[in-house]
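Taken together, the values in this text are just the output of simple stated rules run on the coordinates, not laboratory data. This structure is a prediction, so every number in the text was calculated from the model and none was measured. Virtual Cβ from ideal backbone geometry, glycine too; neighbours counted across all protein chains shown.
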Amino acid sequence: MELKAKYEQRIEQAEAELRQVKNKILRISTLRVLLFAAGIIGTIYFYQAGTPTICLTIAVTFVPFLALVKYHNRLFFRKDWLETCIRVNSDELSALADNYEPFEDGKEFTNPAHRYSFDLDLFGRHSLFQALNRTCTSFGKEKLAEWLQNHLEIKEEIIQRQEATKELAAYSDFRETFRITGLLYKGATSDREEIKEWTEAPAYFSKKWWSRPLLGIVPGVNIVLAMLGVAGVIPMTWFGLFVIGSFGLIKPVSNLQRVYDKKLRILSIYAELISLIENREMNAPLLRHLKAEFGMNGKSTTHILKELSRELDKLDLRNNQLLYVLLEGSMFWQLRQVMRIEQWRHKYGKYLLHWLDVLGDIDALCSLATFAGNHPAYTYPTIAGKPFVFLAKDMGHPLMPARQCVTNDADIPSRPFFVIITGANMAGKSTYLRTIGVNYVLACTGCPVCCSSLEIYPAKLVTSLRTSDSLTDNESYFFAELKRLKQIIDRLNKGEELFIILDEILKGTNSMDKQKGSFALVRQLMEL
C-alpha cells in the first residue's frame, strides 16, 4: 500500500504542476502575440520618426518577444516531461495491479528453439520480460532480453548484479528521471547499426588533398579582396564574385549534413542519459565499473558527446540566412565544420558503440531494480558455490496475482537428483515446473525471486515443456521432442552442468513406448 501511495503522490504532484505550466503557456502565448503585434504596429506608426525611435520600438517589443519564445520552448519541454512522468507512474500502478500491458513485451525475441525461453514464456504478452521491462533505450531492451536468454552461471557475477540491483532499487528518483528522459527522446532500434555505419565510414573531405589549403586560402583572399575593394583599388564586385564562387561546395557538404542530422542527433539524447549516470554516485562494484567505462583521457563521455552536438549546431546555420551567407561565402563555413566533425569521429568514433552498450547495461539494471522495488516481499537468493542445489521455500510464480498464487517448496539437494511430479489433470503440475524455471532464471539474472528463501547453484538451464510439431520442417511432434532430448544428451556428453526440467517426456507416442523410453532416458541421464 505504501508503494501504491508513493506512485499516486507522484502523479498528483505532476498533475498539479502540469496545470500551472499549461496556464503559463497560455499567458505567454497571449503575451507573445501582443508583443509581436505591438512591434509591427509601432514600427509602422513611428516609421517617419527616425531611426532611434524605431530601434527603441523594436527593443521594447521584439527583444522581449524573442526572449519569451525561448521561455515558451522551455515550458513546452516541462509540459512534455510532466505528462511523461504521469504516464510512467500510472504504468507502475498498473504493474502493481498485475497489468503489464503498458510495457513492451519483447515478442520479437520469441524463439521456440531456445533452450528454455519459449517454454517459460519469457517473451510475449504477459511474459516475464514484459513484467521486468522498464528500458528506455533500444540498447537496454536488447541487453535485458540477452540477460534473460543467457542467464549468468558464475556465482560472483550473479552476486555483483544482485548488489547493483539492490543499490539502484533504492534510487527511485534517479530511475524515474532516467526513464522519463529516455522516453522523451525515444531512440530507434536501428540507432546502433546507423551509428556503427557512420563510425566505420571513411572520411570524405578530410582525405581530399585540396580541403585544408582551401580553408586557409579562401578567407585570406577574401580579406585581401575586401580591403582592396574598400580602398578603391579594385571594384567590390571582385569580392562578390569570389563569395559566389565559394558556394560551389554547398551541395556535397549539404548532403553530408543531412546524413549527420539523421544519424547523429540521437547522440545528444544519449548524452543526457549518460550525464545522469556520471552525476550519480554509485557504490556497488558493478555500477562503479560501468560508470568508469564512460569517458577517456580525463574527459567525460557527456563532455565528448556535447562537443559533437556543438559542432552539429554550428554546421546548421540555415535558420540564420544572413550569417549563413557571410560565413559560408567568406570562409567555407560548412566545409570547415564537416572536417571538424570528421576529426571528432576519427578521435572518438571507435568508443561510441562501447559507451552505448554500457548505457544499455545501466538501462537494463534499472529495469531489474524497478522490479525489485515493486516487489519488496521478494527475496534475493543465496548462490551456492558447489553443484547442485535448488532449495525453495514458499515459491510462487511472479506473474500470478498474489491472491491466486499457491506457493510450494522445492528440494533438490544434490546431483544427480530426480524430482518426479505427479497428480491429476489440471492439478498445476506444469505451472509448478514453470514456477521453478522462472524463479531460477530470475535468480541467475540477479533479481529477487518470488520465494521466502531460495538457494541455487547456477548450472545451465535446459527445459522441454512445450515441444510442437513443425509443418515447415516436416517434423512430427514426437520427432521434435526426440530432437530436444537429444540436444540435452549431447550437452551432457560435452561435460556441461545442466539443470533440466521436462514435462511429460515422450508424450507424442503410445503409453508402452512412452514408459520404455522414459526408463531408458532416466538411466542415460543418471550415467551422465
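Some notes on this structure:
- Hits among aspartates and glutamates - C-alpha to C-alpha of LYS483 under 17 Å, sequence gap 8 or more where chains match: ASP119, ASP469, ASP473, GLU475, ASP503, GLU504, ASP513
- Sum of side-chain charges, LEU391 neighbourhood, beta-carbon under 13 Å (Lys, Arg +1; Asp, Glu -1): -3
- Note on PHE479 and MET526: with the Förster distance fixed at 41 Å, the Cβ-Cβ geometry gives a FRET efficiency of about 0.95.
- Partners of LYS494 within straight-line reach, counting aspartates and glutamates whose Cα lies under 15 Å from its Cα and excluding those fewer than 8 residues away in the same chain: GLU527.
- For the peptides 147-156, 270-279, 63-72, residues were scored by their other Cβ atoms within 10 Å and the scores averaged per peptide; the highest-first order is 270-279, 147-156, 63-72.
- A cut-off under 12 angstrom between Cβ atoms defines the neighbours of GLU101, and their net charge, with Lys, Arg +1 and Asp, Glu -1, is -3.
- Since only ILE11, THR51, PHE76 are under comparison, the one whose Cα sits farthest along the positive direction of the charge dipole of the range 1-126, derived from C-beta charges on Lys, Arg, Asp and Glu, is THR51.
- The range 366-374 - phi-based ³J(HN,Hα) in whole Hz, Karplus 6.51/-1.76/1.60, Gly and Pro as x: 5, 5, 4, 5, 5, 4, 5, x, 7
- Spatial extent of the range 1-133: Rg and Dmax, with the Cα atoms as the point set, Å: 26.1, 85
- Applying both filters, DSSP loop and at most 10 other Cβ atoms within 10 Å, to the trypsin sites (Lys or Arg not before Pro) of the range 374-441 gives ARG403.
- Ignoring lysines fewer than eight residues from LYS6 along the same chain, the ones with Cα atoms less than 27 angstrom from its Cα are LYS22, LYS79, LYS141, LYS166, LYS186.
- For the peptides 13-26, 411-424, the ranking by mean Cβ contacts within 10 Å, running from highest to lowest, is 13-26, 411-424.
- Residues in the range 409-429 that a label on ALA384 would reach, taking backbone N under 15 Å of a point 7 Å out along Cα→Cβ: 410-419
- Ordering of 395-402, 512-519, 288-295 by burial proxy (mean other Cβ atoms within 10 Å per residue, highest first): 395-402, 288-295, 512-519
- Fully extended contour minus Cα-Cα distance, from GLN487 to HIS303, at 0.36 nm per residue: 61.3 nm
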